[in-house]
1. Scan region 79-110 for residues that are more than 26 Å from A67 (Cα to Cα) and either of a type in the set (D, E) or not in a loop (DSSP other than H, G, I, E, B) (or both) and jot them down.
2. Return the only residue of A152, A82, A63 being free of Cβ contacts under 8 Å to residues at least 60 places away in the same chain, within 27 Å of R13 (Cβ to Cβ) and not β-branched (V, I, T).
3. Can you pull out the residues in region 112-146 that are within 19 Å of L244 (Cβ to Cβ) and of a type in the set (F, W, Y)?
4. With the requirement that a residue be under 18 Å from the mean Cα position of the chain (by Cα) and surrounded by 14 or more Cβ atoms within 10 Å (Cβ to Cβ), what does region 59-77 give you?
5. Go through region 28-58 and count every residue that is open to solvent by 50 Å² or more (accessible area, probe 1.4 Å), within 15 Å of F12 (Cα to Cα) and of a type in the set (D, E, K, R).
6. Would you say E237 is of a type in the set (D, E, K, R) and more than 14 Å from the chain's Cα centre (by Cα)?
7. Report, ordered by the first and then the second residue, all pairs with beta carbons closer than 7 Å, sequence separation of six or more or different chains, a first member in region 165-189 that is in contact (Cβ under 8 Å) with a residue 60 or more places away in the chain, and a second member that is open to solvent by 20 Å² or more (accessible area, probe 1.4 Å) and of a type in the set (A, V, I, L, M).
8. Of the residues V100, V89, V104, which is open to solvent by 20 Å² or more (accessible area, probe 1.4 Å) and in contact (Cβ under 8 Å) with a residue 60 or more places away in the chain?
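The values are calculated or read from the model by the stated rules, or taken from the named source; none is laboratory data. What you are looking at is a predicted structure, and each value in this text was computed from that prediction instead of being measured. Don't worry about glycine lacking a Cβ; one is built from the backbone with ideal geometry, like all the others, and counts go over all protein chains shown. We work out accessible area using only protein heavy atoms, side chains counted, and drop any ligands, DNA or RNA first. Shrake-Rupley method; radii C 1.70, N 1.55, O 1.52, S 1.80 Å.
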Amino acid sequence: MREAGQAAADRFRRRGELQIERKGKQDFVSEADKACEAFLVAGLLKAFPQDSVLGEEGGSQNAGGDAVWIIDPIDGTSNFIAGIPLWCVSLGLVIGRRAVLGIVYNPITDELYAARDGEGAWLNGRPIHVSATRSLDQARMGLGFSYRRPVADHLRAVQACLEASCEYTRFGSGALGMAFAADGRLDGYYEAHINVWDVAAGLVLVREAGGWTNDFLGKADVFSKGNVILAATSALEQPLTELLLSR
């Protein structure tokens, strides 16, 4: 994971040389995304030839296995190509409908988040926990945005947070938002629509750090069409559910 991330970081420093393609509205892919994903896929299929792999850029490979490794080679590509150091490499393992392992690596800060089902969550080997915040008027949420949903949905979320005196921020990387929620840098993360590769690792990180997430993987077509994500501290689960999921 570190090797893949550092290779991406090298391309980040030489991003003026990269070839960039547009996939959709404010949705880009660079040759760095593709190279990073290819590196991870090759390593995973060599180590776990019986497992499936799902990558943001390359789609599904070796399909049919109960265990699925889910890759976002560079989450925050728009930041990456603009020279903003808020992006990461994300790798999650889902068995059945349960996320059991998650790794999020920010090579710019050399911060590696890791969590395994039942074994806790860690940042560079140090245990991490969600924040102790218990009220919305002391909280700061990460809010993501996707053009796959109406702009009004995002505006309602922003308005709801501000009316509750809950601060918000937007990084442009759902995987980092989830990692920061696990580490207590944020008190939660919400996005009306997000793809599975953006949060597969974060689901484990937040849960193992003592937090809560909605049943993101419970949607039948989540692997192809994504879902809404809400992550929070246990104390903020109910108020944030009412604030952001019940409207």
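1. Answer for region 79-110, where residues must be more than 26 Å from A67 (Cα to Cα) and either of a type in the set (D, E) or not in a loop (DSSP other than H, G, I, E, B) (or both): N79, F80, I81, A82, D110.
2. A82 is the lone residue from the list that is free of Cβ contacts under 8 Å to residues at least 60 places away in the same chain, within 27 Å of R13 (Cβ to Cβ) and not β-branched (V, I, T).
3. Across region 112-146, the qualifying residue is only F145.
4. V68, W69, I70, I71, D72, P73, I74, D75, G76, T77
5. So the count comes out to 2.
6. Yes.
7. C166/L136; F171/L86; G172/L86; S173/L86; L176/L86; A182/V130
8. Unique residue meeting the criteria: V100.
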